[in-house]
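> Below is the structure I would like to discuss, written out as structure tokens.
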Amino acid sequence: MSDIPPPTIDDKQLAHLRSWIGKSETTPDLITPAPVRSLSATLDRDDAAPGAGTVIAPLWHWLYFLPHARQSEIGADGHPTRGGFLPPVPLPRRMWAGGRLVWETGNPLEVGQSVERVSTIRSVDHKAGRSGELLFVLVEHRFSNERGLALTEEHDIVYRAAAAPGAPEPVPQRPPQDGQAAWSRRIVPDDVLLFRYSALTFNGHRIHYDRKYVTEVEGYPGLIVHGPLIATLLLDLLRRHLPGAAVRAFSFKAVRPTFDLNAFSVHGRPSADGRTVLLWAQDHDGWLTMQGTAELA
């Protein structure tokens, strides 16, 4: 007798969810200085005050184009109710799984620019196995300013089934470059850090601030550190050690959740030719939680 639970999503439901493929929306925004100044403080950076023409650091565009659902449109998990731009996936746990980004050479996003983001659902894929049921949604974002295309981003979203007692957890992994980091930084993910990042990104997802919800409803042991925050800290580590370098492309993948119960660390190692930088995050036990690769211009 199989111990794999029956899938929540059957073929008919999956076909309905896949009808969202190709759906697109356009969002304009103005790159203002206040969010840049605020994230700089949150990351404990000593940056000059941003003004018109200040180039937006890699991944800091996540401070803009934020969802502004009305309070009456918020779901039980703190996210906007499903079924608008994103498909109405019935699986309750939603996470940022990773992404791939390419910046156009010579056309950076800057403070003072009016920028348009065109978002398109590119794929909806379903998987079920011993570790639980998963549904992956791939969203492509294209950011353009008055000079044309500035950034292309592929955003991986994963939806998971509710936690089941005794369900197997993913096998922990050691970082491929374990013990070989050229740079390292220890991060303490306290409530204030998580609150400030949630506020800056207008992220109401309760897994980042509501301990009762995240432990009793979603079944995690503690508050979850935002995947985008960890990715931002990885590239921030690169910027601290290679302050003049320009990032041409970045790919990253979340491997294991990071909780606020203990400090974690971010690490980097440039390649021998200096063209790429391997970046990764580890939890307090040394297990790999996120890995990424930055390509330098």
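> Give me the residue from region 58-68 that is open to solvent by less than 40 Å² (accessible area, probe 1.4 Å) and outside any helix (DSSP H, G or I) and, out of that set, nearest to Tyr213 (Cα to Cα).
Leu66
> Could you please find all residues in region 247-297 being aliphatic (A, V, I, L, M) and farther than 22 Å from Tyr220 by Cβ?
Residues satisfying the conditions are Val247, Ala249, Ala272, Val277, Leu278, Leu279, Ala294, Leu296, Ala297.
> Tell me yes or no: at least one residue of region 281-289 is among the hydroxyl-bearing types (Ser, Thr, Tyr), assigned by the TED database to the domain that holds Thr215 and out of contact with any Asp or Glu (no Cβ under 7 Å at 6 or more places or on another chain).
no
> While we're looking at this one, here's another question. Can you confirm whether Val247 is touching a Pro at 6+ places or on another chain (Cβ under 8 Å), among the β-branched types (Val, Ile, Thr) and either at pLDDT 95 or above or over 17 Å from Arg185 (Cα atoms) (or both)?
For Val247, the condition - touching a Pro at 6+ places or on another chain (Cβ under 8 Å), among the β-branched types (Val, Ile, Thr) and either at pLDDT 95 or above or over 17 Å from Arg185 (Cα atoms) (or both) - is met.
> Considering only residues that are part of a loop (DSSP other than H, G, I, E, B), at pLDDT 85 or above and closer than 19 Å to Thr27 by Cα, look in region 69-83 and name the one that is least open to solvent (accessible area, probe 1.4 Å).
Ala69
> Here's another thing I want to ask about it. Looking at Arg37, Arg45, Arg94, which is the one that is among the charged types (D, E, K, R), in contact (Cβ under 8 Å) with a residue 40 or more places away in the chain and open to solvent by 30 Å² or more (accessible area, probe 1.4 Å)?
Within the list Arg37, Arg45, Arg94, the selection yields Arg45.
> Please give the number of the condition Phe252 fails out of (1) aromatic (Phe, Trp, Tyr); (2) in contact with a strand residue (DSSP E or B) (Cβ under 6 Å, 6 or more places away or on another chain); (3) modelled with pLDDT under 95.
Of everything listed in (1) aromatic (Phe, Trp, Tyr); (2) in contact with a strand residue (DSSP E or B) (Cβ under 6 Å, 6 or more places away or on another chain); (3) modelled with pLDDT under 95, Phe252 misses just condition (3).
> Scan region 165-184 and tell me whether some residue there is in contact (Cβ under 8 Å) with a residue 60 or more places away in the chain and more than 24 Å from Trp280 (Cβ to Cβ).
Within region 165-184 (the criterion being in contact (Cβ under 8 Å) with a residue 60 or more places away in the chain and more than 24 Å from Trp280 (Cβ to Cβ)), the answer is no, since none of the residues qualifies.
> Would you be able to tell me the number of residues in region 56-91 that are in contact with a strand residue (DSSP E or B) (Cβ under 8 Å, 6 or more places away or on another chain), without any contact (Cβ under 8 Å) to a residue 24 or more places away in the chain and more than 14 Å from Arg206 (Cα to Cα)?
2
> From the list Pro270, Pro228, pick out the single residue that is more than 15 Å from the chain's Cα centre (by Cα) and more than 18 Å from Pro172 (Cα to Cα).
When all the criteria are applied, what remains is Pro270.
> Hey, does region 97-113 have a residue that's charged (D, E, K, R), over 30 Å from Ile9 (Cα atoms) and part of a strand (DSSP E or B)?
Scanning region 97-113 turns up at least one residue that is charged (D, E, K, R), over 30 Å from Ile9 (Cα atoms) and part of a strand (DSSP E or B).
> Then there is this: Take the residues in region 275-297 that are open to solvent by 40 Å² or more (accessible area, probe 1.4 Å) and more than 17 Å from the chain's Cα centre (by Cα); name whichever of them is modelled with the lowest pLDDT.
Ala297
> Separate question: Test Arg240 against the stated conditions and say whether it is basic (Lys, Arg), closer than 23 Å to Pro270 by Cβ, surrounded by 17 or more Cβ atoms within 10 Å (Cβ to Cβ) and in contact (Cβ under 8 Å) with a residue 12 or more places away in the chain.
So Arg240 fails the test.
> Further question on the same structure: I'd like to know if region 12-29 contains one or more residues that are open to solvent by less than 30 Å² (accessible area, probe 1.4 Å), more than 23 Å from Ala162 (Cβ to Cβ) and part of a helix (DSSP H, G or I).
No, region 12-29 contains no residue that is open to solvent by less than 30 Å² (accessible area, probe 1.4 Å), more than 23 Å from Ala162 (Cβ to Cβ) and part of a helix (DSSP H, G or I).
The values are calculated or read from the model by the stated rules, or taken from the named source; none is laboratory data. This one's a predicted model, so the numbers in the text were calculated from it and none came from an experiment. Note: ideal-geometry Cβ built from the backbone for every residue, glycine included; neighbour counts use all protein chains shown. To get the accessible areas, we keep the full protein, side chains included, count just its heavy atoms, and leave off ligands, DNA and RNA. Shrake-Rupley method; radii C 1.70, N 1.55, O 1.52, S 1.80 Å.
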